[in-house]
Every structure is written in C-alpha cells, then in structure tokens.
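Let me begin by presenting the structure, written as structure tokens, before commenting on it.
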Amino acid sequence: MLLLRIIADTPVWVWALFAFLIATGINALRDREMNIKGLFIMPLFFFLWGGISVINELAFLFWGLAAMLVGLMAGHWAGWSLSSGGRQLKSKEGSHLIVWPGTPWIIIFVIITFITKYTLNVFLNIEPELRFSLWFNIVFGVLSGFISGLLWGRTLNLYLTYRQANSCG
C-alpha cells in the first residue's frame with residue numbers, strides 16, 4: 001500500500017519527464033541524424049539535474065559535491081569503457097550532420113537513472129532527516145555524479161573517436 005501511495009503522490013511533471021526520457025530512449029533504438037552539438041544535450045541535462053539535486057536536497061553541500069565529483073570520474077571511466085569498440089558515429093554524406101547508430105543503451109540508461117533518482121527522492125520524502133545524514137549525502141552525490149559521468153564518458157568517447165577518424169581521412 002505504501003508503494004501505491006508513493007506512486008499516486010508523485011507529481012505529474014515527474015511522470016511527464018519519465019515519459020519524455022522513455023520516448024528519447026525508444027528514438028535512440030534506430031539510427032538518428034543530428035548536428036554534432038546534439039550529442040551533448042543529454043549529458044548536459046543529466047549533469048545539471050544531478051548538480052541541482054545535490055545543491056537543493058542535501059545539507060552537507062561540500063561532501064555532496066565532492067562525492068558527486070568522485071562519482072562523475074568513476075562514471076566517466078565506466079561510460080568511456082562501455083562505448084569503446086562499439087558502433088561509432090559516422091558522417092552523413094553531403095552534409096554537416098552525423099549519424100548516431102541505434103542502440104538499446106540509452107533506454108536502459110534512462111530507466112535505471114530514473115529509478116535511481118526517483119528512489120533517492122522517495123527516501124528523502126519519507127525520511128526528510130536523511131538530508132542531514134552524511135552517509136546519505138555521500139551516496140546521493142556519488143550516484144548523481146556516476147549517472148552524469150557515465151553519459152559524459154560514453155558521449156566523449158563517441159565524439160573523440162569520430163573526430164579522430166574524420167581528421168585522419
């Protein structure tokens with residue numbers, strides 16, 4: 001019953017965001033043509049979302065941000081590693097666009113990310129004193145940073161691999 005109440009009490013904008021993220025993940029299942037700058041929209045969104053959450057939700061701001069930095073570095077390494085050797089970006093002939101190969105990675109990422117961030121915020125709403133728990137601040141910061149870092153590592157690997165392949169040819 002508690003789970004149903006939590007879901008029912010969740011603001012509509014949270015479900016709208018989840019629907020948007022799922023739609024983005026479904027769209028990412030097929031090849032997409034885009035401007036190279038479009039690669040950086042989602043990583044920037046998740047970085048800002050994580051940073052704003054740490055700043056607004058935690059009492060130990062220094063430790064939350066320090067933990068976010070640690071998570072960002074670990075996530076960057078993991079995202080970079082996960083994208084190494086996979087399908088890479090290609091130039092679209094006769095244009096300034098790139099072709100981003102379809103992948104299930106994005107939909108998996110957004111589902112796991114949403115569940116993680118939703119769960120952290122549910123804990124904060126059920127037990128508001130958690131914002132004054134140093135350990136919770138550290139876990140919240142690390143997870144927020146890891147999510148953002150994972151996306152940045154993957155994106156930068158794709159981008160730099162693309163740039164290197166297109167500068168040599």
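The values are calculated or read from the model by the stated rules, or taken from the named source; none is laboratory data. Predicted, not measured: the structure shown is a model, and the values here were computed from it. Reconstructed Cβ throughout: ideal geometry from the backbone, glycine too, with neighbour counts over all protein chains shown.
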Check: Taking Phe114, is it at pLDDT below 95, assigned to a helix (DSSP H, G or I) and in contact with a Gly (Cβ under 8 Å, 6 or more places away or on another chain)?
Finding: no
Notebook entry, point to check: How many residues are outside any helix (DSSP H, G or I), closer than 29 Å to Leu29 by Cβ and either among the β-branched types (Val, Ile, Thr) or touching a Phe, Trp or Tyr at 6+ places or on another chain (Cβ under 9 Å) (or both) if we restrict to the stretch 45-86?
Noted result: 1
Next item on the list: Return the total of residues in the stretch 1-50 being among the aromatic types (Phe, Trp, Tyr) and in contact (Cβ under 8 Å) with a residue 24 or more places away in the chain.
Entry: 5
Margin query: Quick check on this structure: which one of Glu57, Glu93, Glu33 is over 30 Å from Thr161 (Cα atoms) and acidic (Asp, Glu)?
Written below: Glu57
Check: What number goes with the only condition from (1) touching a strand residue (DSSP E or B) at 6+ places or on another chain (Cβ under 6 Å); (2) buried (at least 18 other Cβ atoms within 10 Å of the Cβ) that Ile147 does not pass?
Finding: (1)
Note to self: Which numbered condition in (1) touching a Leu at 6+ places or on another chain (Cβ under 9 Å); (2) assigned to a helix (DSSP H, G or I) is the only one that Trp135 fails?
What the structure shows: (1)
Notebook entry, point to check: Quick one: in the stretch 71-101, which of the residues that are among the small types (Gly, Ala, Ser) and more than 20 Å from the chain's Cα centre (by Cα) is nearest to Asn137 (Cα to Cα)?
Noted result: Gly85
